[in-house]
Amino acid sequence: MDRERLFMHISKMEADMNNMHEDLQTLKELAVRLVEENVSLHMEKEKYEKLYEEDEAVEEDSFKGNTLNSIYEEGFHVCSVHFGTLRNDEDCLFCQGFLEHRGK
């Protein structure tokens, strides 16, 4: 190889390396943005999962309370003393106390 071709080859390699370096910088910047976005989305997901769990807990408690009220209104005991037995249209202080306590 003569000198001129050698220097041209070295210059081309240098230009290629500079292009590769620029591409690498671009990829690094993109990777940083993707990691930041991933962290942000992960935090947002956790926030929504927590809200969903809290909402489910409220709905479950509400469902339990409404179910017990319905059972009592249908004429059955919901207290621990006589649970599930027929009330014969009589009010039960234990049931009423239990339902009132759960309502708070």
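The values are calculated or read from the model by the stated rules, or taken from the named source; none is laboratory data. None of these values were measured; they are calculated from a predicted model. All Cβ positions, even for glycine, are placed from backbone atoms using ideal geometry, and neighbour counts span all protein chains on display.
Exactly one residue out of E90, E54, E46, E22 is surrounded by 10 or more Cβ atoms within 10 Å (Cβ to Cβ), among the acidic types (D, E) and at pLDDT below 85, and it is E54. T85 fulfils the conditions (1) in contact with a Phe, Trp or Tyr (Cβ under 9 Å, 6 or more places away or on another chain); (2) at pLDDT 95 or above except for a single criterion, (2).
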